[in-house]
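Enquirer: Can you read through this structure? Questions will come right after.
The values are calculated or read from the model by the stated rules, or taken from the named source; none is laboratory data. Since we're looking at a predicted model, the values are computed, not measured. Backbone-built Cβ (ideal geometry, glycine too); neighbour counts: all protein chains shown.
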Amino acid sequence: MASKYPEYKQLNLPHFTKEVMEKWENDDTFKQSISIREGAKPYVFFEGPPSANGLPGIHHVMGRAIKDIFCRYKTLKGYQVNRKAGWDTHGLPVELGVEKELGITKEDIGKKITVEEYNIACRKAVMRYTDVWNNLTKQMGYWVDMSDPYVTYENKYIESVWWLLKQLHNQNMLYKGYTIQPYSPKAGTGLSTHELNQPGTYRDVKDTTIVAQFKISTASRERFEKLATEGTVEPNAFLLAWTTTPWTLPSNTALTVGPKIDYVLVNTRNKYTDEAQTVVMAEALMAKHLPVKKGVEFEVIGKCKGTDLLELTYEQLLPWATPMEDTDKAFRVIPGAFVTTEDGTGIVHTAPTFGADDALVARDAGVPPMLVDDGQGNGVPLVDLQGRFIENVGPVGGKYVKNEYYVDVAAPDKSVDVEIAIMLKEQGLAFNVEKYEHSYPHCWRTDKPILYYPLDSWFVKATAAKERMTALNNTINWKPESTGTGRFGNWLENVNDWNLSRSRFWGIPIPIWRTEDGTESICIGSVEELKTACEASVAAGLMETNPLADFTPTDMSEENYNTFDLHKPYADKIVLVSSNGEPMVREADLIDVLFDSGSMPYAQWHYPFENKEKIDNNEAFPADFIAEGVDQTRGWFYTLHAIGTMCFDSVAYKNVVSNGLVLDKNGQKMSKRLGNAVDPFKTLEKYGPDATRWYMITNAQPWDNLKFDEDGITEVQRKFFGTLYNTYNFFALYANIDNFSFNEELIPLQDRPELDQWIWSRLHSLIANVDDAYAHFEPTRAGRLIQEFTVDELSNWYVRLSRRRFWKGDYNADKISAYQTLYTCLETIAILSSPIAPFFTDKLFGDLNSITKRSTLDSVHLVDFPASDSAIIQEDLEERMSIAQKVSSMVLSLRKKERIRVRQPLQKIMVPILDTTFEDRLKKVEALILSELNVKELEYLHDTGVLVKQIKPNFKALGPRFGKQMKLVAAAVSAMTQEQIAELEQQGKASIDLEGFPTDILLTDVEISSQDIPGWLVASEGGISVALDITISESLREEGIAREMVNRIQNLRKDSGLEVTDRISLRIKRNEAVENAVQNNFEYICQETLAGKLELVDMMENGHAIEVDESVSTEISIETMN
RNA sequence: AGUCCUGUAGCUCAGUUGGUUAGAGCGCUACACUGAUAAUGUAGAGGUCAGCAGUUCAAAUCUGCUCAGGACUACCA
């Protein structure tokens, strides 16, 4: 006996998954899918490295499904797609995890635990969940090479990163500067955003706030007076600015205004000195500062915009220090977009050394920060790292800026803030002083208020590459486009220099060594270079031994690269020697981990020390495709792009898909805290990866957020996979009976029945559309198209209408055509769907191929993507099948209304024919319609005047022509009589009346459809009408009864457990109602039920009572015949 | 605060270059069908296309504003 297509009792996706997973493992199918394309054009994919110190979530299934889909698709399209896995191993989350685990804080590192021990713990912790991750990768069917991943903490990787940094250094793109960062003077450390976001950091405190008066300088006086159009400026004129941190006033170097904000010049009196003065503030805030209710007297003497105030200069408020550079550019009014009229005066006191915004606007305007010479030529701010004013800053020198910082010594009665307030009041430079409650961040460890303080950092001069980054970005294909042009494009437009420095322990050290005075520095770009530099240092007596003594340059073996460690603390122990013999020590910071991951295109290959050709010859760079969450826009997407642009003058990727978030079914973000996080392993186990992936991909576009609802997976499982599986099972059932194994020649297209030609046509349209969707990175469209085809066209139309062809008759050309057609559809669907649902489709493909051996390859993932043959696509055919579907749907609806079941044959339907094209089309599908509807004949009703027609204006044609008269035209057209419509049809044009003006309209200006056939049961839809003859003659009635009986007999066969092919002997109890029906349809009944013998009997024992309808019932019995 | 995304039926989503009855699936109700049967068909109920204004003969679609949800970035003088 020939082998059979496997048939299944039920659809169990997780079970199939296991089977396929084992097969992949045994055959190493993934490796094959790459090796089979050896020599083919490469398709370059970059894997964004996950951090293995956290557990994967359901959103990782989403992100990785997208990556997997396109890699599999491109493999099917004939490309070789290498996929190297990677791990992101450095960074704050790792360190915080380790700190928590060891029960220590950042301060304890180097004290309670050595840096060395700490880093060993990090190295261990970071790879803790690799097994879990690898398992997820396997369970969800994500194909990526996990055997040789790149790991960012490995020396080779670090060496490549150093090399990249050196390229930037050589281009003068690395510099040391400062940024304003949250800083805790008591802890002596900068605070990360993460630390600032700890609960309890922001607390309400009452601070002394001052609205200070900055006197307009003599030089600007004349210009200022011109703004006072409605009065005279007093001798004392001031700009008002509010501050909650008076201790920063000595560091003021500018005032910032909003260019578009309205300001007023007001004459009033100083509250503390009662002197007459002119002050400037935002008009919107006047009521707040000059409350009329309280009897404050004032007079508005002029109004202006912020732009009018720009470049006015003022006298320094507290002249206790002078900026060491560009003094002449200080104490000016500058513009700032961040200025609002919600608080303060609309004029912002700007101290570039103690405010992040301040530093930015000041830099843009060329205003110097208040940095003074420390005696060695270095600029330092007025406040030191302990939070204390340096000496010689007027009366506040040596004092802490906040009383909270005094620990050993008692705090003075008056804080610096209060002292300054009093001083300003006395000098008539305070407009108002009051206590104000606001929320201010505190150090979560020391409980003391934090300072915003300028801290040294290393920067990449990204601003210098702005133009080039933008230009290159314009060549990248973003999905969705808006992320690229909008979010990413705007980010590039406003790009800031990239702060590389991180004051942590576990990461890649900055490879820069400097002399103490900073006059000489060296950036190390390779281990070899470092080794040579160490040798020089040892020779100069600065180090005793060379820590890289065991390293052999040019030896790329793992052993050689394991003879040292580039991390802290080892890197810090290296002291190099400068050109004049001075020691150079390493800059203390580590680099931003985002630089690690942005370096992966090169570092994953240890470029340029190994695999140089991969990058230089564009074999593995730039990527053709990457995908990651939209949250990586300013993360990985940016760092890849920045490094690619700056080091290689190239894009790092050509196509990028940024996917949205996975939310819970209520649209809430998933979190462990809320307990609404979905366990990916449980989901995959319960529903299988195919249904899970299919659901995620087809439910929403990848870039839209996905509301993850398990019911959706159930639906997909039933709807798509259930239908596909049913269709396969149906095929297998009959193909096994007929031993169909695709041995026959493919029946020529034109010899196949209409229905087969139609589904072939649809299939090839599908191939073209799905190919297009995948090619444009739209997996959602691809999946939906496949699903619609499978469910609506293949299953619910093709198979439904073809059922009889499979079970009736001999193994003839018609039957073979049906098998070939259905087989091809199933096989094609398997291939088209395989990128999204890799397991089930492989099973399906394998089951089909196991009998036919049409493909020599034994996995769907190794074959070629089918080609769409435009010769097979017949639009006219698709059009007429659509007519058949419409007619069928209408007639079924009529039957329903009249309560005539489909099994009751009817005599005829009539369809009005409006044009010959329609008639031709209808004729070709007549047989299909009749059999589907169980009707004997179809009459073509040519226009004889009996039809009632409906006319509708064609707005698209008429609109542009008639414009404003459109409404009139529409009304006139709708009002046309049957005679007028007939005239239009015959003459090709007709005249309508437009408020007395006759106007011609053409046939193309309207849509005419028949609506009614008087005296008949009629349905209309989309311009087609159908009339149904519902008279049931005696013979029709008998036939109907016969059909009902066949149905009952079939049920009985099935209930009795008979095989589809078993022949039976059939007996029916005679009675008046069934006698004629059986006699007159004798052959029919025998054929349908495979009855070799049929008797009408008077008496029956053990018969099964059956009811045909309300009035007809009898008994039947069957037994098997041999 | 800025940038970007989203808002269409109870739920999940379609809706081409603006064109006049806004669609599908699920769910619900009713009826039917039955050798694919944990399937299927037909019908019904269900919409202020988030809101307001504008452009236009015509707006779910284009423009502006507002509201709600989300993401990122920056900050809070």
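Enquirer: I want to confirm something. Restricting to the range A:414-434 and keeping residues that are farther than 19 Å from residue A:214 by Cβ and under 54 Å from the mean Cα position of the chain (by Cα), which single residue is surrounded by the most Cβ atoms within 10 Å (Cβ to Cβ)?
Expert: So, considering only residues that are farther than 19 Å from residue A:214 by Cβ and under 54 Å from the mean Cα position of the chain (by Cα), the one surrounded by the most Cβ atoms within 10 Å (Cβ to Cβ) is A:416.
Enquirer: Output the number of residues of the range A:94-108 satisfying the condition of being touching a residue at least 24 places away in the same chain (Cβ under 8 Å), within 21 Å of residue A:184 (Cα to Cα) and assigned to a helix (DSSP H, G or I).
Expert: Looking only at the range A:94-108, we keep the residues that are touching a residue at least 24 places away in the same chain (Cβ under 8 Å), and these are A:94-98, A:101, A:105-107.
Remaining after also requiring within 21 Å of residue A:184 (Cα to Cα): A:95-96, A:105-107.
Subset that is assigned to a helix (DSSP H, G or I): A:95-96, A:106-107.
Of the residues in that region, 4 qualify.
Enquirer: While we're here: Out of A:114, A:89, A:75, A:137, I need the residue that is surrounded by fewer than 17 Cβ atoms within 10 Å (Cβ to Cβ) and modelled with pLDDT of 90 or more. Which one?
Expert: Working: A:89 fails: surrounded by fewer than 17 Cβ atoms within 10 Å (Cβ to Cβ); A:75 fails: surrounded by fewer than 17 Cβ atoms within 10 Å (Cβ to Cβ); A:137 fails: surrounded by fewer than 17 Cβ atoms within 10 Å (Cβ to Cβ).
Answer to the check: A:114.
Enquirer: Regarding the range A:639-657, can at least one residue be identified that is in contact with an Asp or Glu (Cβ under 8 Å, 6 or more places away or on another chain), without any contact (Cβ under 8 Å) to a residue 60 or more places away in the chain and of a type outside the set (Ser, Thr, Tyr)?
Expert: No; the residues of the range A:639-657 include none that is in contact with an Asp or Glu (Cβ under 8 Å, 6 or more places away or on another chain), without any contact (Cβ under 8 Å) to a residue 60 or more places away in the chain and of a type outside the set (Ser, Thr, Tyr).
Enquirer: Same structure, new question: Which of the residues belonging to the range A:346-363 are of a type outside the set (Lys, Arg) and either part of a helix (DSSP H, G or I) or more than 8 Å from RNA strand B (Cβ to nearest atom) (or both)? Before you say what the answer is, go through the steps one by one.
Expert: So in the range A:346-363, the residues of a type outside the set (Lys, Arg) come out as A:346-362.
Answer for the range A:346-363, where residues must be of a type outside the set (Lys, Arg) and either part of a helix (DSSP H, G or I) or more than 8 Å from RNA strand B (Cβ to nearest atom) (or both): A:350, A:351, A:352, A:353, A:354, A:356, A:357, A:358, A:359, A:360, A:361, A:362.
Enquirer: Also: Identify, please: which residue in the range A:808-849 is among the small types (Gly, Ala, Ser) and assigned to a helix (DSSP H, G or I) and is, among those, modelled with the lowest pLDDT? So that I can check it myself, show each step before the final result.
Expert: Of all residues in the range A:808-849, those among the small types (Gly, Ala, Ser) come to A:809, A:813, A:817-818, A:830, A:833-834, A:837, A:846.
After this cut, where a residue has to be assigned to a helix (DSSP H, G or I) as well, the list is A:813, A:817-818, A:830, A:833, A:846.
Details: A:813: 88, A:817: 91, A:818: 91, A:830: 94, A:833: 94, A:846: 93.
By that ranking, first place goes to A:813.
Enquirer: Scan (1) out of contact with any Ser or Thr (no Cβ under 6 Å at 6 or more places or on another chain); (2) farther than 26 Å from residue A:770 by Cβ; (3) away from RNA strand B (no atom under 13 Å from the Cβ); (4) modelled with pLDDT of 90 or more for the single condition residue A:746 breaks and write down its number.
Expert: Going through the list (1) out of contact with any Ser or Thr (no Cβ under 6 Å at 6 or more places or on another chain); (2) farther than 26 Å from residue A:770 by Cβ; (3) away from RNA strand B (no atom under 13 Å from the Cβ); (4) modelled with pLDDT of 90 or more, residue A:746 breaks only (2).
Enquirer: Could you go through the range A:355-363 and let me know if any residue there is surrounded by fewer than 21 Cβ atoms within 10 Å (Cβ to Cβ), modelled with pLDDT under 90, closer than 30 Å to residue A:517 by Cα and charged (D, E, K, R).
Expert: yes
Enquirer: With the checklist (1) modelled with pLDDT of 90 or more; (2) in a helix (DSSP H, G or I); (3) in contact with a His (Cβ under 9 Å, 6 or more places away or on another chain) in hand, flag the one item residue A:488 doesn't pass.
Expert: That leaves (1) as the condition not met.
Enquirer: List, please: which pairs have Cβ atoms under 8 Å, are six or more places apart or on different chains, and start with a residue in the range A:606-626 that is closer than 22 Å to residue A:67 by Cα and without any contact (Cβ under 8 Å) to a residue 40 or more places away in the chain and end with one that is outside any loop (DSSP other than H, G, I, E, B) and of a type in the set (Phe, Trp, Tyr)?
Expert: Close Cβ pairs (under 8 Å, with a partner that is outside any loop (DSSP other than H, G, I, E, B) and of a type in the set (Phe, Trp, Tyr)) amount to A:615/A:602; A:615/A:648.
Enquirer: Here's something else I'd like to know. Any residue at all in the range A:778-800 that's closer than 30 Å to residue A:624 by Cβ, touching a Phe, Trp or Tyr at 6+ places or on another chain (Cβ under 6 Å) and more than 8 Å from RNA strand B (Cβ to nearest atom)? Spell out how you get there, then give the answer.
Expert: Quick first cut of the range A:778-800, residues closer than 30 Å to residue A:624 by Cβ only: A:778-790.
If we keep only those that are touching a Phe, Trp or Tyr at 6+ places or on another chain (Cβ under 6 Å) too, we end up with A:782, A:787.
Imposing the further condition that a residue be more than 8 Å from RNA strand B (Cβ to nearest atom) reduces the set to A:782, A:787.
Yes; the residues of the range A:778-800 include at least one that is closer than 30 Å to residue A:624 by Cβ, touching a Phe, Trp or Tyr at 6+ places or on another chain (Cβ under 6 Å) and more than 8 Å from RNA strand B (Cβ to nearest atom).
Enquirer: Considering (1) surrounded by fewer than 18 Cβ atoms within 10 Å (Cβ to Cβ); (2) part of a loop (DSSP other than H, G, I, E, B), say which one residue A:22 fails and leave the rest.
Expert: (2)
Enquirer: Residue check, residue A:626 against (1) out of contact with any Ser or Thr (no Cβ under 6 Å at 6 or more places or on another chain); (2) more than 25 Å from residue A:72 (Cβ to Cβ), all met but one. Which one?
Expert: With respect to (1) out of contact with any Ser or Thr (no Cβ under 6 Å at 6 or more places or on another chain); (2) more than 25 Å from residue A:72 (Cβ to Cβ), residue A:626 is out only on (2).
Enquirer: Let me ask something additional. Could you say which residue among A:56, A:49, A:6 is at pLDDT below 95, closer than 29 Å to residue A:775 by Cβ and assigned to a loop (DSSP other than H, G, I, E, B)? Outline the logic, then answer.
Expert: Working: A:56 fails: closer than 29 Å to residue A:775 by Cβ; A:6 fails: closer than 29 Å to residue A:775 by Cβ.
Selected residue: A:49, the only one of A:56, A:49, A:6 that is at pLDDT below 95, closer than 29 Å to residue A:775 by Cβ and assigned to a loop (DSSP other than H, G, I, E, B).
Enquirer: Which one is modelled with the highest pLDDT among residues in the range A:462-479 that are surrounded by fewer than 17 Cβ atoms within 10 Å (Cβ to Cβ) and under 23 Å from residue A:502 (Cβ atoms)?
Expert: Per the criteria, the residue is A:464.
Enquirer: Also, I was wondering about something else. Going through A:161, A:151, A:211, A:126 one at a time, which residue ends up being under 25 Å from residue A:352 (Cα atoms) and either surrounded by fewer than 19 Cβ atoms within 10 Å (Cβ to Cβ) or in contact (Cβ under 8 Å) with a residue 12 or more places away in the chain (or both)?
Expert: Details: A:161 fails: under 25 Å from residue A:352 (Cα atoms); A:151 fails: under 25 Å from residue A:352 (Cα atoms); A:126 fails: under 25 Å from residue A:352 (Cα atoms).
Answer to the check: A:211.
Enquirer: Still on this structure: Within the range A:152-185, how many residues turn out to be in contact with a helix residue (DSSP H, G or I) (Cβ under 9 Å, 6 or more places away or on another chain) and either at pLDDT 95 or above or not in a strand (DSSP E or B) (or both)?
Expert: Residues that pass the stated criteria total 21.
Enquirer: Regarding residue A:879, is this residue more than 10 Å from RNA strand B (Cβ to nearest atom), more than 50 Å from the chain's Cα centre (by Cα) and either among the small types (Gly, Ala, Ser) or surrounded by fewer than 17 Cβ atoms within 10 Å (Cβ to Cβ) (or both)?
Expert: On the way: more than 10 Å from RNA strand B (Cβ to nearest atom): yes; more than 50 Å from the chain's Cα centre (by Cα): no; either among the small types (Gly, Ala, Ser) or surrounded by fewer than 17 Cβ atoms within 10 Å (Cβ to Cβ) (or both): yes.
Here the answer is no, as residue A:879 does not meet what is asked.
Conditions tested, residue by residue: (1) surrounded by 19 or more Cβ atoms within 10 Å (Cβ to Cβ); (2) β-branched (Val, Ile, Thr); (3) at pLDDT 90 or above.
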| position | (1), (2), (3) |
| --- | --- |
| A:710 | no, no, no |
| A:714 | no, yes, no |
| A:717 | yes, no, no |
| A:722 | no, no, no |
| A:728 | yes, no, yes |
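Enquirer: While we're looking at this one, here's another question. Determine, yes or no, whether residue A:262 is at pLDDT 80 or above, surrounded by fewer than 17 Cβ atoms within 10 Å (Cβ to Cβ) and at positive phi.
Expert: Numbers: at pLDDT 80 or above: yes; surrounded by fewer than 17 Cβ atoms within 10 Å (Cβ to Cβ): yes; at positive phi: no.
The answer is no for residue A:262.
Enquirer: Separate question: So which helices (runs of 4 or more DSSP H) are wholly in the range A:1016-1122 and hold at least 1 residues that are away from RNA strand B (no atom under 16 Å from the Cβ), among the polar types (S, T, N, Q) and more than 24 Å from residue A:898 (Cβ to Cβ)? Full working, then the answer.
Expert: Numbers: elements: A:1034-1055, A:1072-1080, A:1082-1089.
In the range A:1016-1122, the matching helices (runs of 4 or more DSSP H) lie at A:1072-1080.
Enquirer: Within the range A:678-708, which residues are among the charged types (D, E, K, R) and assigned to a helix (DSSP H, G or I)? Explain how you work it out, then say what you get.
Expert: Residues of the range A:678-708 that are among the charged types (D, E, K, R), as a first pass: A:679, A:682, A:685-686, A:690, A:693, A:704, A:707.
Within the range A:678-708, A:682, A:685, A:686, A:690, A:693 qualify.
Enquirer: Return a yes/no flag: does the range A:763-777 have any residue that is under 26 Å from residue A:1084 (Cβ atoms) and surrounded by fewer than 22 Cβ atoms within 10 Å (Cβ to Cβ). Break it down stepwise before answering.
Expert: From the range A:763-777, those under 26 Å from residue A:1084 (Cβ atoms) are none; that's our starting set.
Checked the range A:763-777: no residue is under 26 Å from residue A:1084 (Cβ atoms) and surrounded by fewer than 22 Cβ atoms within 10 Å (Cβ to Cβ).
Enquirer: Quick check: is even one residue across the range A:331-343 of a type in the set (Val, Ile, Thr) and out of contact with any Gly (no Cβ under 9 Å at 6 or more places or on another chain)?
Expert: First, pick out the residues of the range A:331-343 that are of a type in the set (Val, Ile, Thr): A:333-334, A:339-341.
Narrowing the set further to residues that are out of contact with any Gly (no Cβ under 9 Å at 6 or more places or on another chain) leaves none.
Looking through the range A:331-343, none of the residues is of a type in the set (Val, Ile, Thr) and out of contact with any Gly (no Cβ under 9 Å at 6 or more places or on another chain).
Enquirer: Within the set of pairs 6+ apart or on separate chains, which have a first residue in the range A:704-721 that is closer than 22 Å to residue A:629 by Cβ and free of Cβ contacts under 8 Å to residues at least 60 places away in the same chain, a second that is surrounded by 16 or more Cβ atoms within 10 Å (Cβ to Cβ) and among the acidic types (Asp, Glu), and C-beta atoms under 8 Å apart?
Expert: Pairs that qualify, where the first residue is closer than 22 Å to residue A:629 by Cβ and free of Cβ contacts under 8 Å to residues at least 60 places away in the same chain and the partner is surrounded by 16 or more Cβ atoms within 10 Å (Cβ to Cβ) and among the acidic types (Asp, Glu), are A:707/A:664.
Enquirer: If only one of A:722, A:809 is within 25 Å of residue A:850 (Cβ to Cβ) and small (Gly, Ala, Ser), which one is it? Outline the logic, then answer.
Expert: Values: A:809 fails: within 25 Å of residue A:850 (Cβ to Cβ).
A:722 is the lone residue from the list that is within 25 Å of residue A:850 (Cβ to Cβ) and small (Gly, Ala, Ser).
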